[in-house]
Amino acid sequence: MKKRIIGIMGAMPEEIEGVVSLLNNCTSSSMGKRTYFSGQINGIDTVVVFSRWGKVAAATTVTTLIHEFKITELWFTGVAGAIDPDLKIGDVVVGKRLIQHDMDARPLMNQHEIPLLNKTYFESDASLLDMASKSVATIFKNSSLNSAIDAEDLNRFSITKPQLFIGDIASGDQFFSSNEQKQNLNNQLPDVLCVEMEGAAVAQVCYEYAIPFCIIRTISDAADANSHLDFPSFVKKIASKYATEIIKDIYSQF
Ligand code: SAH
């Protein structure tokens, strides 16, 4: 059996800091404006890296993890804007299917279909998805976040009873910050729970290289006119803690 080497990508520099601090025997190497942190978590070889933003950047980062670091599975944590009206800031979406909402090669093929792959959705690995969902549910049930995050910060974002959602995530090279953008996506793809800028690109590369992956997103904003206001402090105060707690719990299942 191939040796297990886990790749972890985070969509924010603040987010990977906490995860990097879990690494034992941590060393780092820089390539193409990215710093890859290698070490072990619970004895398992792990490489942690900031994805950078957007589909091209994230695809490049995951390709390097596959070629240079020989990862055998990929976990992605990041933040996202809510599209489904049931989602609140602080909820977590584990992506079952990933779609590129800005892919449009009509009339050559259907809207959202990925050229040459004859595919529109990429599916997270079923067992990784199950583990991620269990971890998020455990963290919410045990209120682990309450000890990791200041009560004042949780109050500020009205995070009282965060919920786990499992479903579709849409990615594209746009930051959603208007009701019009949000409504437009909701009309086109009514099953999409949240929107971000990397997940479906990472999913495509992992699919092409047959690397099992799972995309986990914490809701940072409502993808509307207020999204840019909520965003920076949420990432610093909240999302970074979510990422660390979720990754810690996932490793406890290995
Ligand atoms: N911190 C940067 C912006 C980062 S880009 C700045 O302030 O300049 C936004 C990141 O958050 C991406 O990783 C994207 O995947 C995610 N994201 C969060 N909310 C989003 C939204 N409303 N629309 C698109 N991407 C969003």
For the chain, the longest site-free run once trypsin sites (Lys or Arg not before Pro) in DSSP loop states with at most 11 other Cβ atoms within 10 Å are removed:
34-254
Could you bin all the Cα-Cα distances of the stretch 5-252 into 10 Å bins starting at 0 and give me the percent of pairs in each, rounded to whole numbers?
8, 34, 38, 18, 3, 0
Tell me which DSSP H helices of the chain clear both cut-offs, 15 Å or more of axial length from alpha-carbon atoms and a mean Kyte-Doolittle hydropathy of at least 0.5.
55-69, 126-141
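Write down the percent of antiparallel bridges among all DSSP beta bridges whose residues are both part of the chain, to the nearest 5. Spell out each step's value before the answer.
Details: 20 of 50 bridges.
Of all bridge pairs located within the chain, approximately 40 percent are antiparallel.
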Residue 70: which lysines have alpha carbons under 18 Å from its alpha carbon, excluding same-chain residues fewer than 8 sequence positions away?
2, 3
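Which whole-number percentage describes the relative contact order of the stretch 125-242, with Cα contacts under 8 Å and a sequence gap of 6 or more?
Working: 104 pairs, mean separation 37.8, N = 118.
The normalised contact order for the stretch 125-242 reaches 32 percent.
Go ahead and estimate [θ] at 222 nm for the chain from helices alone: -39,500 (n - 2.57) per DSSP H run with n ≥ 4, summed, over the residue count, rounded to 500.
Numbers: 9 runs with 91 residues, N = 254.
The helix contribution divided over the chain gives -10500 deg cm²/dmol.
Laboratory data are not the source of any read-out in this text; all were calculated from the coordinates shown. Everything numeric here is computed off the predicted structure, so don't read it as measured data. As a convention, Cβ positions derive from the backbone with ideal geometry for all residues, glycine included, and neighbour counts pool all protein chains shown.
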